[in-house]
Structure formats: structure tokens, C-alpha cells
Amino acid sequence: MPRMKMSSLRLPLNIITTPPTTEPALTDLYLGPGCRAVLPGDAAQLDAQIWMRPSPIWEHRLIHVRDWRAVIVGERCALEACWDDVMAALGRGHTNALANIPGVHSGIFWHEGAHASIWWRDRFGRIPWQHRTRPALAASTDPEVIGALSRRDELNPLRVSDFLAGGHANDRADFALNVERLRPGEVARIRSHGAIALGSWWRARADALASAPPSPQRRAEVASMLHRHLERGARVLSEPGSWLALSGGLDSATLLGLSPHPSRTRTLTLDLDPGERQRAGALARSLGARWEPISIEARWPLRHPSHHLSAAGWGPHAHPDLGWFFEALCELRARLDEPLSTLVTGHGADDALWIPPRVWLSDRVEHRATVDLLDAARHLGAAPLAGAALGALTDRLGLRAYREHYRPIAPVSPSWLRALPYASPATLEPVALRFSRFRAARLHTWNWEMIMRSLARIARQANLRLLTPFLDARVWDLSLELTPAELVEGGRQKAPLRRLGQRLPTQVRRRPKRGSFDVLVERGLADKELNRALRLMVDSQLARHRMIDEANFHNALADYLARPVPGPPWRGSWEIWRTLAAELWLQNHRRWVAANST
């Protein structure tokens, strides 16, 4: 296993981290006088109250146009773009000009010698941005530094409760009460009197309005546009040191098929499931790609609590991927005689191109698509169809608002959560527009935020670039124009993506969607870590903060661990994972604060 830099180097010498983490430096930005006390030793000062520390994970560029300066971090395509007009527009206060730059990019813009600055976050939140204003402004892409500054701040119980309930809220307040995040696509400006003004420079557009059935020409046009948008990201696979995370499913298989040279593409598969290993291996062999299956310990990371260590800046660990990817990449590096510098994944494809069956049914009922509904009845049965028909009738009669007003309050989910979860109000738009707006708004939810933070931590721990071609503004804008009818063809989801797979084996293009978040968590909980889980909850911090009903959770955990192993995944797996991850994070946070207060 390669040696990694210790994160204690990221903090001043008088701060003790117990126990230390193993996350290397990232290309981070620091802004404001509040950062000075906890700056890492390798941070370089760019101007008054602005610092940067470079690394190979995100590339950076310094721009100097007349008296205006900017430091940009992000993908290569963004750094190589022409920034002259954008700099001029930012100087006039027109932050929407940032939308003219492609790819992932975040940065700071300022007038040389002046303290007033603008900083922004990328469209999808791949680069974290947090800030605190008391006692002095500190804004950074480095959550560890913000966590060090916030170690004496109280935790935000509403944020932890929202995490337990699924992260559906979209506010800015972070896990520490004095910390806020920039949401994806947002920009912040320091006013002359020191206040911070927040706004948006990019928003996903919700434009799905078409009601006519999609023609074959329209479906072909959508597939062609998606091909052009994904091709740029897939081109990275031909570069030295680039590897594709290949699961055998449609998303990663499409990226392999779009690679300029599939036969020379390097792929890796986490050997968590025999069926997935078999599908990925068969796919790689059919295209002649190099394939490296990696056997890893699939037991969930209660065995490795160091994966959960973090200060208040990161928040609880949201997904088992963090432990699995890090261990897999370390194992692969140990046996390679070539670099592993870039990992390409299919993250974001489900969010852009998958539609819940109930939403698709509601849209088909709304448009009286008899053929589609008869096909659905044969595959799904009459009950889902009846529910969709009732919902459509309620909308048509204008009774949705009345129904929502008198509907009983939904039970808290999970059942052991004491606080009510966040719920969005019902709207009266057509199903296609409502679903499009839901997907666009999801980019601002905390569920999305925590997934993006998990990706950032994977990149930090493994010290590599992590690229996600499906998280592209053009792909996203196109997907939000698609109606439910365009997302499904012949009863199969992700219809535009299936039309791209001309190089792929027929069984891959026709394979139904496999897996879900519950299935992934099931793999992490597979070995029934009963003793570890019970020991963790003996002195529950969640119960002490009155966030959960401890007895209720113990009963649910016992029910889960007593269930038969064969069969479909239990729908509560995800809730149990979040609760135990939050408990582990709170206990580590308490020890970290105690150690740093001595």
C-alpha cells in the first residue's frame, strides 16, 4: 500500500488530531483572514487573504487580466477555455458569464490589492465550498480546515436529523452551526462592509413540456446529442494512467463503448458480487479491454472506523463506496507497473436518465397511452396502475391541493427518528414538468451534497483524479428536456443510453436495471456485524442528542439481523446504514474535539 500524507500536516502544529486520517493534499483554495490560523504549511499566498495549495488531483490556473486576478481549479477543459471575456464580465459583476466555461470549475476572482472577492462552486458540487463569518471570514474548499475552525461550535441537530431521514432538505446550513455551504452552481460575493451576498451563476433547466409521443427521428436525435456530450468525457480513457470503473451495467459499459480505443482501455471491477464480476468480465473480453477484477473485503466499514473519521467539515460518511474504492485502488496500485492517476466512473447516469416506474405510469395515464399501460399491467400488475390512475384523476379534477391538505401526516421515516423529515409541497404541474423540476432541484439537496463529498473523499484518499462524464452540464440540460416517454422505450429504462450501445453486446443493451442503493448497502452489511453495531450504540450520541429513539432502533436492527439472508434486499438497509454512520461520526467528532481542546 503506498504511503499517504497525514492530514495532521494540514493543521497547525499545536492542534492534535486523534486518531490521524490518511487523506493527502487536494488542490484547495483559502479565502479570508479567518483561514490564517489553521493554514497548512504548504499553502502559497496569492494575494492578501487568498491562499492556494496545488496537487495533481484538480488542476489549477492563475489568470491576470489588467488589475483583475483569478485562480481556477477544476477539469482541464475548463482551465484551457478562453477566460478573457469572462474576466471582464466578472469585473462588471455579471457572474452568469461563468456558464460559458465548460466542465467542472470553481475559483476565486478579485481585484489586485483589494479584499472584496467573488468565489463560486462548480455546477454539480464536485468541489466543496464552505464558509463561516464569525469571528472572521473563512471560506475554503478544504473541509478539514473549516472543521478545525469550527471545533468549538455546536453541532447542527437539524442537519444530522435530515441526514438520517435521507437528506431531502436544500438549505445551506452545514453540520456546524456557524458554517454554511455554497450549493452547486452558486456564487458568493463579499460586500464592502463585509457581508456576504449569495446568488446563482448556473441552474439546471427544467424544460420537459412535450406531450406528443416521441417519434423515431426524435429518439435518434436525442441519442446523437447524448453521444456528442459523453464523447469528450470518454476520450480521457485513452490517456495514460486512466482507468474505468466497470460494473457490467449499462452506464459504465456505455463509457467503455464510447472510448476512442476500447481494446486499449484499462478497466477495473470491485469484486463484491459474483454476478457483477461475471458480467463485467464478459463485457471487457467482448471489447478486448484490459480488465482487472479486485477482490476486496465487502464487510461494511465498521471494521475500518478510520474511513469515517472527520471533523465537522465533512459530516457523516454517506456511502460504503468510500471504503471499497480506496482499498481496491491501493491493491491495484500495489501490483501495477504503470501509473493509476485517473478513475472514470458512471456516477450521475441514474440521476439524469432513470425515472421511477410510478412517475412513468402517472405520465402514461395522464396522456392516455393505452398501449404502454397494457404492457405495464402485464409486467407490474394492476395495483401500481390503479394507483397511478387515481393520482391522475385527482390532478384532472383539481383536487390535489385539497387531498394534500387533508391527507394524514406521513409517518416519520425511519421509524426511530424523533424529528419530522423534510417534505416538499405538492405542485399542480403536469407529471413531465414536475419530474423534470424535481431532478433539477435535487442538485441542491443534502443527499446530493453528501454523495459529492464521498466522491471528493475517494479522490483525496486515493490521490487521483475522479472524473464523471455523466455529470456534465450539456448532458444534464439535455436530460431535463426529456419527457418520461422519451426515457423509456420498449419497457426499458434509459432509452437514450441504450441506443448508444452499438458496440456493446445485445445482452448488455437489453439487460434490465440491476441493483439499487439498498442492494449496495446490503453488500456492506452482508456479514451481520451485530456485536460491533451493538457496541457502537451502547452510549449512543444520537440518543443523547434526542435525535433517535434508541429502543426503537435496537428493535429495527434486531429485525434486520434476524431476517433470512436469501431474498430481496430489505428496504430499511439504507436507513440503518445512515444511522450507524452518523453515530460513528458523532463519536469520532466528540473524541476529536476533546483531543483538540487539551
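The values are calculated or read from the model by the stated rules, or taken from the named source; none is laboratory data. Small disclaimer: the values here were computed from a predicted structure and weren't measured. In this analysis, Cβ positions are derived from the backbone assuming ideal geometry, glycine residues included, and neighbour counts consider all displayed protein chains. All accessible areas refer to the heavy atoms of the entire protein, side chains included, with ligands and DNA or RNA removed. Shrake-Rupley method; radii C 1.70, N 1.55, O 1.52, S 1.80 Å.
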Next item on the list: List every residue pair whose Cβ atoms lie under 7 Å apart, where the two residues are 6 or more positions apart in sequence or sit on different chains, the first residue falls within the range 57-75 and is at positive phi and in a loop (DSSP other than H, G, I, E, B), and the second residue, located anywhere, is surrounded by fewer than 21 Cβ atoms within 10 Å (Cβ to Cβ) and modelled with pLDDT of 90 or more.
Entry: none
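If we keep just the residues of the range 462-477 that are of a type in the set (D, E, K, R) and under 15 Å from residue 226 (Cα atoms), which is surrounded by the fewest Cβ atoms within 10 Å (Cβ to Cβ)?
At the first step, the residues of the range 462-477 found to be of a type in the set (D, E, K, R) are 465, 472, 474, 477.
Filter once more, keeping what is under 15 Å from residue 226 (Cα atoms): 472, 474, 477.
Numbers: 472: 23, 474: 14, 477: 17.
By that ranking, first place goes to 474.
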Note to self: So, in the range 54-74, how many residues would count as being surrounded by 20 or more Cβ atoms within 10 Å (Cβ to Cβ) and under 20 Å from residue 127 (Cα atoms)?
What the structure shows: 7
Next item on the list: Report, by residue number, each residue of the range 166-182 that is of a type in the set (Gly, Ala, Ser), surrounded by fewer than 22 Cβ atoms within 10 Å (Cβ to Cβ) and over 16 Å from the mean Cα position of the chain (by Cα).
Entry: 173
Item checked: Among (1) open to solvent by 10 Å² or more (accessible area, probe 1.4 Å); (2) hydrophobic (A, V, I, L, M, F, W, C); (3) modelled with pLDDT of 90 or more, the one test that residue 139 misses -> (1)
Notebook entry, point to check: Out of all the residues in the range 133-147, is one or more of a type in the set (S, T, N, Q) and under 25 Å from residue 583 (Cβ atoms)?
Noted result: no
Next item on the list: Looking for whichever is among the basic types (Lys, Arg), open to solvent by 10 Å² or more (accessible area, probe 1.4 Å) and within 23 Å of the chain's Cα centre (by Cα) here; the options are 232, 228, 219. Which one fits?
Entry: 232
Next item on the list: Quick one: count up the residues across the range 250-272 that are under 22 Å from residue 335 (Cα atoms) and within 26 Å of the chain's Cα centre (by Cα).
Entry: 8
Item checked: Per-region count, the range 85-107, residues touching a strand residue (DSSP E or B) at 6+ places or on another chain (Cβ under 6 Å), under 12 Å from residue 69 (Cα atoms) and free of Cβ contacts under 8 Å to residues at least 60 places away in the same chain -> 3
Note to self: Being under 23 Å from the mean Cα position of the chain (by Cα), at pLDDT below 95 and outside any strand (DSSP E or B) narrows it down to one residue among 113, 125, 93; which is it?
What the structure shows: 125
Checklist line | strands (runs of 3 or more DSSP E) (entirely within the range 193-276) containing at least 1 residues that are touching a residue at least 40 places away in the same chain (Cβ under 8 Å), within 17 Å of residue 289 (Cβ to Cβ) and of a type in the set (Ser, Thr, Tyr) | finding: 242-245
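Yes or no, residue by residue, for (1) within 30 Å of residue 224 (Cβ to Cβ); (2) among the basic types (Lys, Arg); (3) touching a Pro at 6+ places or on another chain (Cβ under 7 Å); (4) at pLDDT below 70:
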residue: 500; (1), (2), (3), (4): yes, no, no, no
residue: 515; (1), (2), (3), (4): yes, no, no, yes
residue: 519; (1), (2), (3), (4): no, no, yes, yes
residue: 523; (1), (2), (3), (4): no, yes, no, yes
residue: 528; (1), (2), (3), (4): no, yes, no, yes
residue: 547; (1), (2), (3), (4): no, no, yes, no
residue: 560; (1), (2), (3), (4): no, no, no, no
residue: 567; (1), (2), (3), (4): no, no, no, yes
residue: 587; (1), (2), (3), (4): no, no, no, no
Notebook entry, point to check: Can you find even one residue in the range 77-86 that is open to solvent by less than 50 Å² (accessible area, probe 1.4 Å) and either within 24 Å of residue 33 (Cβ to Cβ) or touching a Gly at 6+ places or on another chain (Cβ under 6 Å) (or both)?
Noted result: yes
Notebook entry, point to check: Mind checking which residues of the range 192-216 are farther than 29 Å from residue 76 by Cα, open to solvent by 60 Å² or more (accessible area, probe 1.4 Å) and either at pLDDT 90 or above or in contact with a Leu (Cβ under 8 Å, 6 or more places away or on another chain) (or both)?
Noted result: 207, 209
Check: Any idea which of 215, 150, 238, 224 is touching a strand residue (DSSP E or B) at 6+ places or on another chain (Cβ under 8 Å) and not hydrophobic (A, V, I, L, M, F, W, C)?
Finding: 150
Margin query: Of everything in the range 38-78, what is among the small types (Gly, Ala, Ser) and under 22 Å from residue 114 (Cα atoms)? Give them in sequence order.
Written below: 43, 44, 48, 70
Note to self: Quick test of your reading of the structure: residue 108 fulfils all but one of (1) assigned to a strand (DSSP E or B); (2) in contact with a Ser or Thr (Cβ under 7 Å, 6 or more places away or on another chain); (3) over 24 Å from residue 465 (Cβ atoms). Name the failing condition by number.
What the structure shows: (3)
